[in-house]
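Some notes on the structure that comes next.
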Amino acid sequence: MSDPKTHGTVSEPVIDVRGVTKSYGTTQALRGIDLRIERGQTIALIGPNGAGKSSLVEILMGLRQPDAGSVRVLGHDIVANPRAHVQRIGVQLQESRLFAKARVGDYLRFFAALFERSVDHAQLLKRMALDGMADKRIDALSGGQRQRVALALALINDPELVILDEPTVGLDPLVRREFWALIRELRSQNKTVLFTTHYMDEAQSLADHVLMIAHGRLVAAGSPQQIIARSESPQGTLDDAYAYFATQALPEAA
């Protein structure tokens, strides 16, 4: 049965990546990545800086081209057409770099104009705990409020797929927990959420499915509990499991 909102079949994955490689000079950032993400899942892509997370996310967004492999997002071949999916995704980058003198409402109106459809601005601000702040300048907001503005901009077009790049990095523990609640709300709306993080507790708390990347390879995939159970320490933590699988994937051992 066809789903008019998704422009495809119900069983079609939101993200389907096969054999993707990417190099920068002599550095291999991605070494044959295969992954499939289904609709409505909340996915954590975890790994340290330099593991290949950013390269993979930028390819999924259409910002970079892989050297080899196929990438389909929401049914579109984004290697052939990197902008085919942009109306249907929302992205929050790790460093949003919002203009300090701009007002929140002006930002929302500007971003809304870039899309074919947008949600009600006042309701969106309320969801982000930013109601009453449309006339506030960015430089008058706290760090946590700025992050919520960046998330609001990612949701302005009511996207089917939300990509969040290290959304809680640099936030204090209380604000970080507030962001966790926002991500859970997105999941309750059956949106597909892919977020990168190096916080293992964040992945374990939020994700239905975890993708562990190390040395440019996908070294483990599954629910947090499944990954831990397959590691050498079934009673350990997600940190322990990552250390185990990353060590197994060292280039020297490949």
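Quick note: the coordinates plus some simple rules give every number you see, no bench work behind them. Just so we're clear, the structure is a prediction, and the values are computed from it rather than from any experiment. Please note: Cβ atoms are built from the backbone with ideal geometry, for glycine as well, and neighbour counts cover all protein chains shown.
Projected label points at Arg36 and Asn49, each 7 Å from Cα along the beta carbon direction, are separated by 3.6 nanometres. 3J(HN,Hα) along segment 177-192, derived from phi through the Karplus expression 6.51 cos²θ - 1.76 cosθ + 1.60 where θ = phi - 60°, amounts to 5, 5, 5, 4, 5, 5, 5, 5, 5, 4, 5, 5, 8, 6, 7, 8 Hz, with x in place of Gly and Pro. A convex hull fitted to the Cα coordinates of segment 48-120 yields 125 cubic angstrom per residue. Once the chain from Glu232 to Ser205 is taken as fully extended at 0.36 nm per residue, the excess over their C-alpha distance is 7.6 nm.
Proximity of backbone amide H atoms, modeled 1.01 Å from N, is registered between Glu38 and Val14 at under 5 Å, excluding neighbours fewer than 5 places apart on the same chain. Note on Gln248 and Ser223: their simple-model spin labels are 1.9 nm apart, each label 7 Å out from Cα toward Cβ. Under 5 Å from the amide H of Val162 lie the amide H atoms of Gly90, Thr192, Val193, Leu194, each residue being 5 or more positions distant or on a separate chain, with H modelled from the backbone and absent for Pro and chain starts. Derived scalar couplings between HN and Hα for segment 232-246 equal 6, 10, x, 9, x, 10, 5, 4, 4, 5, 5, 4, 5, 5, 5 Hz in order, rounded to whole Hz, by the Karplus curve 6.51 cos²θ - 1.76 cosθ + 1.60 (θ = phi - 60°), x for Gly and Pro. Highest mobility in the GNM of the chain, judged by mean-square fluctuation with C-alpha springs under 10 Å and restricted to Leu30, Leu114, Leu124, is found for Leu114. Residues considered: Met61, Met212, Met133. Largest GNM mean-square fluctuation over the chain, using C-alpha springs under 10 Å, is found at Met133.
Work out the FRET efficiency for Asp135 and His198 from their Cβ-Cβ distance, taking R0 = 35 Å, and round it to the nearest 0.05. The computed FRET efficiency comes out at 0.45. Using the Cβ of Ile33 as centre and a radius below 10 Å, the other residues enclosed give a net charge of +3, where K and R count +1 and D and E count -1. Per-residue 3J(HN,Hα) values for segment 163-173, derived from phi via the Karplus relation 6.51 cos²θ - 1.76 cosθ + 1.60 with θ = phi - 60°, read 10, 10, 9, 6, x, 10, 5, x, 8, 6, x Hz in sequence order (x marks Gly and Pro). With Cα atoms as the point set, the chain shows a radius of gyration and Dmax of 18.4, 56 Å. Each stretch of four or more DSSP H residues adds -39500 (n - 2.57); spread over every residue of the chain, this sum gives -9000 deg cm²/dmol at 222 nm. When the chain is modelled as a GNM with alpha-carbon springs shorter than 10 Å, which of Ala29, Ala80, Ala220 fluctuates the most? Of the options given, Ala80 has the highest mean-square fluctuation. Distant-in-sequence amide contacts of Gly222, defined by a placed amide H-H separation under 5 Å and a gap of 5 or more residues or a different chain, comprise Val210. Based on Cα contacts under 8 Å between residues 6+ apart, the chain shows a relative contact order of 23 percent. Cβ crowding within 10 Å, taken as a proxy for footprinting-reagent exposure, orders Glu178, Glu160 from fewest neighbours to most as Glu178, Glu160.
Using the Cβ-Cβ distance between Thr26 and Ala122 with R0 set to 45 Å, the FRET efficiency works out to roughly 0.30.
From least to most packed, judged by other beta carbons within 10 angstrom and beginning with the fewest, Thr27, Thr192 follow the order Thr27, Thr192.
By how many nm would the segment from Glu185 to Arg146 lengthen if fully extended, with 0.36 nm per residue of separation less the alpha-carbon distance? Extra length from Glu185 to Arg146 when fully extended: 12.2 nm.
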